[in-house]
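These notes are about the structure you will find just below.
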Amino acid sequence: MTRTLFAITLAALVTTTLPAAAQTTLANIRAKGHVQCGTSTGVAGFSIPDSQGKWSGFDTDFCKALGAAVFGDPEKVKYTPLTSQQRLVALQTGEIDVLARTTTWTMARDTASGLNFTAVNYYDGQGFLVPKKSGVKKASELNGAAVCVVTGTTTELNLSDFARAVGIQIRPVVFEKIDDAKSAFFSERCDAYTTDASQLASTRATLAKNPDDYVILPELISKEPLAPAVRHGDDQWYDIVKWVVWATIEAEEKGVTSKNVDEMLKSADPGVQRLLGVTGEFGKMLGLDNRWAYNVIKQVGNYSEIFERHLGMASAMRLERGVNALWTKGGLMYPMPIR
């Protein structure tokens with residue numbers, strides 16, 4: 001087969017095998033005038049509504065960043081609260097455009113569930129919260145314990161794996177909703193509560209009458225890379241969500257913040273120029289305005305600003321950056337180059 005004929009045949013094959021819905025998510029979003037973002041039913045620090053129904057949090061800000069990238073307006077986002085059992089189906093069926101809801105990137109979800117995880121925006125791990133009065137110092141001492149856990153999650157599976165691996169008996173007390181699991185724990189229906197360590201910190205800080213009465217055990221029993229997810233079949237939207245996350249990390253690395261971004265438009269750094277759309281056609285590669293990343297940083301902030309606002313030491317969560325620091329500072333946050 002000649003090279004020309006091969007190219008024509010390959011192009012025809014790609015065209016005929018693309019899903020019918022491919023390449024339409026961005027167009028649909030523009031037509032309805034907002035990004036529909038799947039979120040939690042309420043996790044302090046990550047995504048939670050106030051009394052007026054206004055959402056805020058770490059995950060919420062990445063939804064706002066998409067609004068800024070697509071529309072130049074971070075408020076062009078609507079939120080769909082989802083339980084752990086509802087979240088994947090809502091994305092699969094098109095009820096939401098993106099899932100930004102403390103969801104762990106796993107092989108099964110990335111393949112058999114028809115989802116594409118974009119870029120990790122938080123590296124977490126599962127832990128245990130116990131009353132200090134219990135005297136429990138490490139997770140292996142939970143033999144015979146009743147442990148509150150949310151069903152339909154990797155958390156529930158990890159708990160079972162951990163008990164088998166260390167040879168102890170744990171009695172899971174399962175709940176569909178996060179709030180019900182937390183309430184049961186603080187009502188002493190369970191000896192421990194297990195979920196991602198970041199959410200344990202959120203729970204202790206916001207729900208405990210006296211946070212010092214509760215201890216997060218030191219062991220992490222799993223890897224929990226959290227990332228926004230989109231449906232299979234639309235590479236353009238997948239690229240947009242992925243590069244919005246990386247742009248916030250690149251901005252931190254380059255020292256570009258919401259406060260100095262206008263001044264940084266004059267930077268002689270070629271990397272900053274490409275990031276902010278001063279040079280190149282990188283926005284057009286995504287189907288966006290070339291100022292897409294400028295709008296994200298100006299209106300929402302860089303990764304550090306987002307983290308510190310909702311999770312950092314000055315917030316109610318009081319979480320250190322740890323492995324979520326930049327790769328240049330001993331962490332895992334490593335943005336792909338814009339060039």
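Once the cut-off is 26 Å, how many percent of the Cα-Cα pairs in the chain end up in the long-distance tail?
Every Cα pair in the chain considered, those over 26 Å come to 52 percent.
What is the distance, in nm, between label points placed 7 Å from the Cα along the Cα-to-Cβ direction at Thr93 and at Asn28?
1.3
Cut-off 10 angstrom, C-alpha nodes, Gaussian network model of the chain. Which of Ser258, Ser222, Ser187 fluctuates the most?
Answer for the Gaussian network model of the chain: Ser187.
Just the C-alpha atoms of region 126-222: what Rg/Rh do they give, with Rh taken as the Kirkwood radius?
Across region 126-222, the Cα-based Rg/Rh ratio is 0.91.
Translational D (Stokes-Einstein, µm²/s) of region 190-285 at 4 °C and 1.567 mPa s when Rh comes from the Kirkwood sum over C-alpha pairs?
74
Round to the nearest 0.05 the FRET efficiency obtained for Tyr334 and Ser187 when R0 = 35 Å and r is the Cβ-Cβ distance.
Between Tyr334 and Ser187 the formula returns 0.25.
Can you tell me the dipole magnitude for the chain around its Cα centre, using point charges on the Cβ only (Lys, Arg +1; Asp, Glu -1), in Debye to the nearest 20?
About 100 debye.
Considering only DSSP beta bridges with both partners in the chain, what is the antiparallel share in %, to the nearest 5?
Taking every DSSP beta bridge within the chain, about 55 percent pair in antiparallel fashion.
Starting from the Cα of Lys284, draw a straight line to each of the aspartates and glutamates and keep only those under 19 Å, dropping any in the same chain fewer than 8 residues away.
Asp73, Asp234, Asp235, Asp239, Glu250
Across region 200-207, in residue order, what do the Karplus-derived ³J(HN,Hα) couplings come to in whole Hz, using 6.51 cos²θ - 1.76 cosθ + 1.60 with θ = phi - 60° and x for Gly and Pro?
Along region 200-207, the couplings run 5, 4, 4, 4, 5, 6, 9, 10 Hz.
If a cysteine in the chain has no other Cys Cβ under 4.7 Å from its own Cβ, put it on the list, ordered by number.
So, none.
Determine ³J(HN,Hα), in whole Hz, for all residues of region 279-286 in sequence, where each value follows from phi through the Karplus function 6.51 cos²θ - 1.76 cosθ + 1.60 and θ = phi - 60°; x replaces Gly and Pro.
Each residue's phi maps through the Karplus curve to give 10, x, 10, 6, x, 5, 4, 9 Hz.
By count of other Cβ within 10 Å, fewest leading, how are Met107, Met285 ordered?
Lowest count first: Met107, Met285.
About the Cα centre of region 126-222, how large is the charge dipole given +1 on each Lys and Arg Cβ and -1 on each Asp and Glu Cβ? Please answer in debye to the nearest 20.
220
Residues with amide H under 5 Å of Ala227's amide H, sequence separation 5 or more or different chain, H placed in the peptide plane at 1.01 Å from N; which?
Result for Ala227 returns Thr103, Trp105, Asn121.
Residue-wise, which Karplus ³J(HN,Hα) couplings in Hz belong to region 96-106, taking 6.51 cos²θ - 1.76 cosθ + 1.60, θ = phi - 60°, and x for glycine or proline?
Values per residue, Gly and Pro as x: 10, 8, 8, 10, 10, 8, 5, 10, 6, 6, 10 Hz.
For region 80-226, give the share of DSSP beta bridges that are antiparallel, in percent and rounded to the nearest 5; count only bridges with both residues there.
60
Helix 3-17 versus the longest principal axis of the chain: what is the Cα-based angle in degrees, 0 to 90, to the nearest 10?
Helix 3-17 sits roughly 50 degrees off the main axis of the chain.
Counting C-alpha atoms alone, how compact is region 68-109: give Rg to one decimal and Dmax as a whole number, in angstrom.
When restricted to Cα atoms, region 68-109 yields Rg and Dmax of 12.1, 35 Å.
Could you tell me how far the Cα centroid of region 289-332 sits from the Cα centroid of region 69-144, in Å?
Region 69-144 and region 289-332 have Cα centres spaced 18 Å from each other.
In nm, to one decimal, how far is the Ser258 label point from the Val323 one, both placed 7 Å along Cα→Cβ?
Label at Ser258, label at Val323, 2.8 nm between them.
Expressed in nm to one decimal, what extension gain is obtained for the pair Glu219 and Thr111 from 0.36 nm per residue of sequence separation less their Cα-Cα distance?
Fully extending the segment from Glu219 to Thr111 adds 35.9 nm.
GluC sites (Glu not before Pro), restricted to region 247-339: which are DSSP loop and have at most 15 other Cβ atoms within 10 Å?
Glu281, Glu320
Between Glu308 and Asp269, what is the label-point separation in nm under the 7 Å Cα-to-beta-carbon projection?
1.6
Using Cβ contacts closer than 10 Å as the measure, can you line up Lys32, Lys254 from fewest to most?
Starting with the residue having the fewest Cβ neighbours, the order is Lys32, Lys254.
Using a Gaussian network model on the chain with a 10 Å cutoff between Cα atoms, which of Ala251, Ala119, Ala208 fluctuates the most?
For the chain, modelled as a Gaussian network with Cα springs under 10 Å, the answer is Ala208.
Can you sort Thr328, Thr206 so the residue with the fewest Cβ neighbours within 10 Å comes first?
Going from sparsest to densest Cβ surroundings: Thr328, Thr206.
Bear in mind that the values in this text are calculations on the coordinates, not laboratory data. Since this is a predicted model, take the numbers as computed values, not measurements. Using ideal geometry, Cβ is built from the backbone for each residue, glycine included, and neighbour counts are taken over all protein chains shown.
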